[in-house]
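The values are calculated or read from the model by the stated rules, or taken from the named source; none is laboratory data. Not measured: the values here are computed from a predicted model. Because the Cβ atoms are built from the backbone with ideal geometry, glycine has one as well, and the counts that use them run over all protein chains shown.
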Amino acid sequence: MWDAPHWLTMKINDYELYHDLLQRNSGLSLPPEKTYLLDSRLTPIARKWGYPTLEGMTLALRGIPDNTLVSEVIEAMTAKDTSFFRDMTPFIALGERILPAIIKAKGRRRELRIWCAGCSTGQEAYSVAMVLKDNEIKLKGWQVEIHATDLSAESLRKARTGNYTQFEVQRGLPISYLMKHFDELDDSWRLKDNVRNLVNFEQMNLLDSYDEVGGFDIILCRNVLGQFEERTRTKILSKLSEALNENGYLLLGLEEKPAPDFTALKPLDGTDGFYGRQDGKYDLPVPKVS
Ligand SMILES: C[S@@+](CC[C@H](N)C(=O)[O-])C[C@H]1O[C@@H](n2cnc3c(N)ncnc32)[C@H](O)[C@@H]1O
């Protein structure tokens, strides 16, 4: 049998440690070809914690690890990329087709509950809030809730401030929304309180139970599931489907589709990324021709 050199076996063992740690705590999948990320992302954390090398920190993580250190490792290994109105077309569908359909279907039950699951630094939830502002007149007298959750405490801290850099507002935010909903500060932009206060941010792990969060008319879980293994993805999709109200809508990232044998959801025609419950009735307005 080939005896692997010491440095290589060390790396394989380290890879397994981090793979399991991420799987257990956040569901994130670390494919072997991404092992190189461990060095670049975790070495600064090792230094911060006083370990001269990453191997030193890895050894400490093999014992009874400090919870704060584990959280920092997960934070560092998680992709948090986001932007306002990411992919744009789902937000157009939300304003032009999904909201009118919900308003019609609900009749006198004037309650709208939206959940942004895996909201990162808040741009997605605030984009939804701005679409709701566009529809303020139609939603007059409605009780509206936008619940936004993420595992990352650091991202949520930023999200709650509603403060964004010039670079962040340039990514996807139409200038008309910037002018209408943001105040310019010295070197950043701050979302006005009337939009900021529509969103309620909370820390939540998507691997945990959803019993406490209740039923939603719209759930967005975009560009989150792609980071999980198939089994975890399907488990989360099942729980999200169960958290949908009757005739509720689930919005996934444009590249993210349920497995072909996942039957709790059905794609909804002409609404990029929107899915409905298999037993739901969806009477969507015809798309506007531009
Ligand atoms: C790439 S961002 C997507 C943000 C936003 N949904 C979008 O599409 O722009 C993925 C987010 O999922 C979060 N996440 C990863 N694993 C999670 C878990 N187990 N529970 C909750 N959030 C998680 C990450 O912290 C990150 O903020």
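Numbers below:
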quantity	calculated
Residues that are under 17 Å from residue 214 (Cα atoms) and either exposed (fewer than 12 other Cβ atoms within 10 Å of the Cβ) or among the polar types (S, T, N, Q) (or both), drawn from the range 247-288	247
In the range 162-179, the residues that are surrounded by fewer than 20 Cβ atoms within 10 Å (Cβ to Cβ) and in contact (Cβ under 8 Å) with a residue 12 or more places away in the chain	163, 165, 166, 168, 171, 172, 174
Condition broken by residue 53, with the remaining ones in (1) within 14 Å of residue 14 (Cα to Cα); (2) buried (at least 16 other Cβ atoms within 10 Å of the Cβ) satisfied	(2)
Residue 76 without any contact (Cβ under 8 Å) to a residue 60 or more places away in the chain and within 15 Å of the ligand (Cβ to nearest atom)	yes
Residues of the range 164-186 satisfying the condition of being over 30 Å from residue 232 (Cβ atoms) and in a loop (DSSP other than H, G, I, E, B)	173, 174, 185, 186
All positions within the range 128-153 that are among the hydrophobic types (A, V, I, L, M, F, W, C) and part of a helix (DSSP H, G or I)	128, 129, 130, 131, 132, 153
Residue that is surrounded by the fewest Cβ atoms within 10 Å (Cβ to Cβ), among those in the range 94-117 that are touching a strand residue (DSSP E or B) at 6+ places or on another chain (Cβ under 6 Å) and among the small types (Gly, Ala, Ser)	105
Residue within the range 236-259 that is within 16 Å of the ligand (Cβ to nearest atom), touching a residue at least 12 places away in the same chain (Cβ under 8 Å), at positive phi and not hydrophobic (A, V, I, L, M, F, W, C) present	no
Failed condition for residue 22, given (1) in contact (Cβ under 8 Å) with a residue 40 or more places away in the chain; (2) over 26 Å from residue 151 (Cβ atoms)	(2)
Test: residue 132 is in contact (Cβ under 8 Å) with a residue 60 or more places away in the chain, surrounded by 16 or more Cβ atoms within 10 Å (Cβ to Cβ) and within 11 Å of residue 218 (Cβ to Cβ)	yes
Answer residue from the range 38-48, given it is under 19 Å from residue 22 (Cα atoms) and loosely packed, with under 14 Cβ neighbours inside 10 Å and is modelled with the highest pLDDT among those	44
Qualifying positions in the range 244-290 - of a type in the set (Ser, Thr, Tyr) and farther than 20 Å from residue 216 by Cα	290
Matching entry among 203, 227 (being at pLDDT below 95 and either assigned by TED's automatic domain parsing to the domain that holds residue 118 or away from the ligand (no atom under 11 Å from the Cβ) (or both))	227
Test result for residue 112, assigned by TED's automatic domain parsing to the domain that holds residue 214 and near the ligand (Cβ under 9 Å from one of its atoms)	no
Selected residue [outside any loop (DSSP other than H, G, I, E, B), more than 16 Å from residue 198 (Cβ to Cβ) and aliphatic (A, V, I, L, M)] from 101, 125	101
Search result, residues across the range 82-93 that are touching a strand residue (DSSP E or B) at 6+ places or on another chain (Cβ under 9 Å) and over 15 Å from residue 132 (Cα atoms)	none
Members of the range 80-109 that are small (Gly, Ala, Ser) and in the same structural domain as residue 228 (by TED's automatic domain parsing)	93, 95, 101, 105, 107
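Yes or no, residue by residue, for (1) free of Cβ contacts under 8 Å to residues at least 24 places away in the same chain; (2) β-branched (Val, Ile, Thr); (3) more than 20 Å from residue 170 (Cβ to Cβ):
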residue: 89; (1), (2), (3): no, yes, no
residue: 95; (1), (2), (3): no, no, yes
residue: 111; (1), (2), (3): no, no, yes
residue: 115; (1), (2), (3): no, no, yes
residue: 121; (1), (2), (3): no, yes, no
residue: 142; (1), (2), (3): no, no, yes
residue: 149; (1), (2), (3): no, yes, yes
